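Working notes, beginning with the structure itself.
The values are calculated or read from the model by the stated rules, or taken from the named source; none is laboratory data. Just so it is clear, the model here is predicted, and its values are computed rather than measured. Cβ atoms come from the backbone with ideal geometry, glycine included; neighbour counts cover every protein chain shown.
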Amino acid sequence: MAFRIPFNVPGLAGDELRYVADAITRGHTAGDGVYTARCHEFLQRELGVPRVLLTTSCTHALEMAALLLDIQAGDEVIVPAFTFVSTVNAFVLRGAKPVFADVRPDTLNLNEEQLEPLITSRTRAILPVHYAGVGCEMDRILEIAQRHSVAVVEDNAHGLFARYKGKLLGTFGCLATQSFHETKNIICGEGGALLINDARYVERAEVIREKGTNRSRFYRGQVDKYTWVDIGSSYLPSEILAAFLLAQLERHEQIQAVRRRIWERYDERLRDWAAGRGVVCPKVPPHCQHAFHMYYILMPSLECRQKLIAHLKQRSILSVFHYLPLHLSDMGKRFGGREGQCPVTESVSDRLLRLPFYNGLTEELQDEVIHALADFQE
């Protein structure tokens with residue numbers, strides 16, 4: 001079914017098609033060409049990160065993180081129960097056991113006050129997810145992690161260019177990951193990046209990303225031939241994707257300004273409506289500058305949310321829920337997940353609804369969504 005107002009529409013920022021055509025004309029469309037290098041340089045400069053490596057997805061960036069940390073069978077990783085499956089799957093693939101943490105009821109981020117009791121002698125990594133591009137309480141998370149000598153890997157799929165206490169998300173953990181999936185602010189269809197904040201991981205990350213070979217060293221003239229030196233896989237995106245991505249990155253300020261207007265307009269128009277109906281709007285702490293990635297509301301109940309989805313669908317407006325609790329999934333239960341283990345996650349998963357949000361959403365279309373919400377009768 002086609003919706004007049006879809007949930008998401010991928011958009012062009014300006015030079016995408018010109019850059020893609022140029023990448024093809026250059027005769028090098030495989031990975032690690034001119035456009036990949038320009039994306040790396042741009043992100044390293046803007047984020048102040050020692051090394052950035054583009055990947056084919058945020059999932060693959062997470063898999064690289066698990067390889068770099070040398071995750072083994074029996075290791076434990078702490079992950080919020082309210083996140084996408086990739087956050088945990090990348091580590092489970094290496095044999096790790098996920099330990100599910102509940103989220104805060106305000107930001108829906110990993111609850112840092114419940115973190116320490118989950119740490120054991122087997123804990124190797126903590127995976128904070130900056131939900132909706134709002135920063136986790138990184139000061140507390142890092143303090144706990146450092147005290148227990150546990151690595152922190154940020155899943156920053158939602159939070160590119162957002163900040164926590166003035167510092168950019170993705171620059172706190174030893175490693176961090178980004179997503180450029182078509183539903184994100186900055187896109188290339190499918191794509192991601194690994195941010196390496198600890199220089200000790202740079203050389204091995206290049207090897208893992210290049211199928212376990214030292215080809216990067218060969219291209220820099222550091223060895224006279226390249227060979228297989230470690231485990232790895234093919235994590236390089238094509239130059240066509242990198243070309244598209246560069247055009248988006250170069251316009252990131254304009255893209256963020258548009259998304260900010262859309263987010264703030266929803267927030268201004270819906271706060272009073274929500275307060276009178278027991279609906280909760282997003283909470284952004286004052287020390288967080290968020291990414292304006294999505295606008296969601298928390299309905300009073302699952303039944304109420306489903307009725308609202310149906311109501312909007314009748315108006316040809318697509319609204320969607322989000323993550324199902326990982327600890328209650330079939331796989332999650334195999335790792336000991338049980339009902340009641342993460343009560344906040346279980347509650348918000350039933351009640352959360354994401355509204356249409358994309359760079360091309362006009363005020364007129366947004367007004368239709370807002371008016372449809374106002375007309376909703378429980």
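For this structure, a couple of remarks:
- Per-region count, region 262-288, residues of a type in the set (Lys, Arg), part of a helix (DSSP H, G or I) and within 13 Å of residue 299 (Cβ to Cβ): 0
Let's see how each residue does on (1) within 19 Å of residue 31 (Cβ to Cβ); (2) touching a residue at least 40 places away in the same chain (Cβ under 8 Å); (3) surrounded by 15 or more Cβ atoms within 10 Å (Cβ to Cβ):
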residue	(1), (2), (3)
232	yes, yes, yes
243	yes, yes, yes
252	no, yes, yes
264	no, no, no
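- The listed residue being out of contact with any helix residue (DSSP H, G or I) (no Cβ under 7 Å at 6 or more places or on another chain), buried (at least 22 other Cβ atoms within 10 Å of the Cβ), farther than 19 Å from residue 198 by Cα and at pLDDT 95 or above, out of 159, 166, 135: 135
- Restricting region 314-333 to residues that are of a type in the set (D, E, K, R) and without any contact (Cβ under 8 Å) to a residue 24 or more places away in the chain, the residue that is farthest from residue 355 (Cα to Cα): 333
- Residue match in region 122-132 (condition: part of a helix (DSSP H, G or I), farther than 20 Å from residue 55 by Cβ and either in contact with a His (Cβ under 9 Å, 6 or more places away or on another chain) or at pLDDT below 95 (or both)): yes
- Meets criteria (part of a strand (DSSP E or B) and not hydrophobic (A, V, I, L, M, F, W, C)) for residue 177: yes
- Criterion (closer than 22 Å to residue 5 by Cα and hydrophobic (A, V, I, L, M, F, W, C)) met by exactly one of 262, 240: 262
- Filtered residues of region 359-376 (kept if in contact (Cβ under 8 Å) with a residue 40 or more places away in the chain, part of a loop (DSSP other than H, G, I, E, B) and polar (S, T, N, Q)): 359
- The number of residues in region 135-172 being touching a Leu at 6+ places or on another chain (Cβ under 8 Å), assigned to a loop (DSSP other than H, G, I, E, B) and not β-branched (Val, Ile, Thr) comes to 10.
- Test: residue in region 52-69 that is acidic (Asp, Glu) and without any contact (Cβ under 8 Å) to a residue 60 or more places away in the chain: no
- Those residues of region 278-292 which are surrounded by fewer than 17 Cβ atoms within 10 Å (Cβ to Cβ) and either among the β-branched types (Val, Ile, Thr) or farther than 26 Å from residue 359 by Cβ (or both), in sequence order: 278, 286, 287
- Single condition residue 295 does not satisfy, out of (1) under 30 Å from residue 55 (Cα atoms); (2) in contact with a strand residue (DSSP E or B) (Cβ under 9 Å, 6 or more places away or on another chain); (3) surrounded by fewer than 17 Cβ atoms within 10 Å (Cβ to Cβ): (3)
- Whichever residue in region 190-228 is among the aliphatic types (A, V, I, L, M) and part of a helix (DSSP H, G or I) and, among such residues, is surrounded by the fewest Cβ atoms within 10 Å (Cβ to Cβ): 199
- Among the residues of region 343-358, not a single one is outside the structural domain of residue 163 (by TED's automatic domain parsing), outside any loop (DSSP other than H, G, I, E, B) and more than 24 Å from the chain's Cα centre (by Cα).
- Among the residues of region 16-30, the ones that are touching a residue at least 12 places away in the same chain (Cβ under 8 Å) and out of contact with any Asp or Glu (no Cβ under 7 Å at 6 or more places or on another chain) come to 7 in all.
- Only one of the listed residues (231, 187) is of a type in the set (Val, Ile, Thr), part of a loop (DSSP other than H, G, I, E, B) and under 20 Å from residue 71 (Cα atoms). That residue is 231.
- Check on residue 149, more than 18 Å from the chain's Cα centre (by Cα) and either free of Cβ contacts under 8 Å to residues at least 60 places away in the same chain or buried (at least 19 other Cβ atoms within 10 Å of the Cβ) (or both): yes
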